[in-house]
Structures are given as C-alpha cells and as structure tokens.
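Here the structure is laid out as structure tokens; the discussion comes afterwards.
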C-alpha cells in the first residue's frame, strides 16, 4: 500500500498478564490478550521539535500520498487523522518511493519519515466512502503545519489546505507545489 503505515512485526496471544500491568492499563484479568509488536514509528507530530519548511512539505506530501494511494487501491479511509496518529521519525533515506496510479513517484524526505498509526476507525469499503479524510486533513494542515513554517511556506500550505477543502477522492490530484521528484 504505502510505506507510511505502521509495520506489524509480530502478533501473539498471551494467556495471562501480570496483575499490575492489567491494573495500570485497565485490562481484564484472567483473559487472553493479543499483543501486537510494531516497528517504532517515531514521535507524535505534536511533540516534535519544529520542522524546517522543506520537512513540513515532505511530511505533508507523505500524508497526502498515503491517503490517496490507500483510497485508490484499497478504498481505505483512516477516519481518525489527528496529531497523535501522525508519527515522525528521522531517516537517512534521501527519498521515499510510492506508486501512484501505476507510476513511480519519489518524495524528498528531508530527513523525516511519517508513520500513520491507529487504524481502529479505518474502513476499507467504497460504500462507506468518506472522501480522502479531506475535512480532517484540511484542519490538520491549518492547525498543525502552518504554525511550524515561515511566511513563504505558509502561503503554499494555505493553498494546499484550500485545495483539500474543495476536493473529493474522485477529482483529487496531488498539488503540483509539493516536493515530488
């Protein structure tokens, strides 16, 4: 699908969890629990140091492409985009590769990699189409990204937010101003 969805490394069932763990996390005692071991996705976007303008545009591009590809290929909608579900980590990779509509696309990483987490409210059903999470993404662009960047980039992000606000998955096109190679 996209490299930006949290990677599951292992899943297992545990018959008994120590009482103090059950108490701390409000788990039922004497029941089986499923444990999911995932790759470390980084820190929530709301808790990281300010990003450079190029990093903000890269992260935004990663979000947009991930949502677009998921929607186009799997009828996937995240349905819970919020700062706690967008993790950012450092990467040494210069670019991140995607396949959009059968074409290879690379985005400059500028040293940051986005991971989408918490798929609990996600759907994979065309009948339940809620678009491209556009209304939530639009508010996230305005609330989370605009305060992080300089004035020049604020103009770009404001334009991206406007485009997201008036779009649906059917007519959505990746904004040409984002850093795509």
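The values are calculated or read from the model by the stated rules, or taken from the named source; none is laboratory data. What you are looking at is a predicted structure, and each value in this text was computed from that prediction instead of being measured. Counting neighbours? That spans all protein chains shown, and the Cβs are built from the backbone with ideal geometry, glycine included.
To keep it simple, each residue is scored yes or no on (1) in a loop (DSSP other than H, G, I, E, B); (2) in the same structural domain as residue 124 (by TED's automatic domain parsing); (3) over 22 Å from residue 14 (Cβ atoms).
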position	(1), (2), (3)
27	yes, no, no
34	no, no, no
56	no, yes, yes
67	no, yes, yes
72	no, yes, yes
81	yes, yes, yes
Worksheet item: Does residue 97 qualify as being touching a residue at least 40 places away in the same chain (Cβ under 8 Å), surrounded by fewer than 16 Cβ atoms within 10 Å (Cβ to Cβ) and on the phi < 0 side of the Ramachandran plot?
Response: yes
Practice prompt. For segment 1-31, name all the residues that are loosely packed, with under 10 Cβ neighbours inside 10 Å and over 28 Å from residue 115 (Cβ atoms).
Written response: 15, 18, 20, 28, 30
Worksheet item: Has segment 37-49 got at least one residue that is in a helix (DSSP H, G or I) and touching a helix residue (DSSP H, G or I) at 6+ places or on another chain (Cβ under 7 Å)?
Response: yes
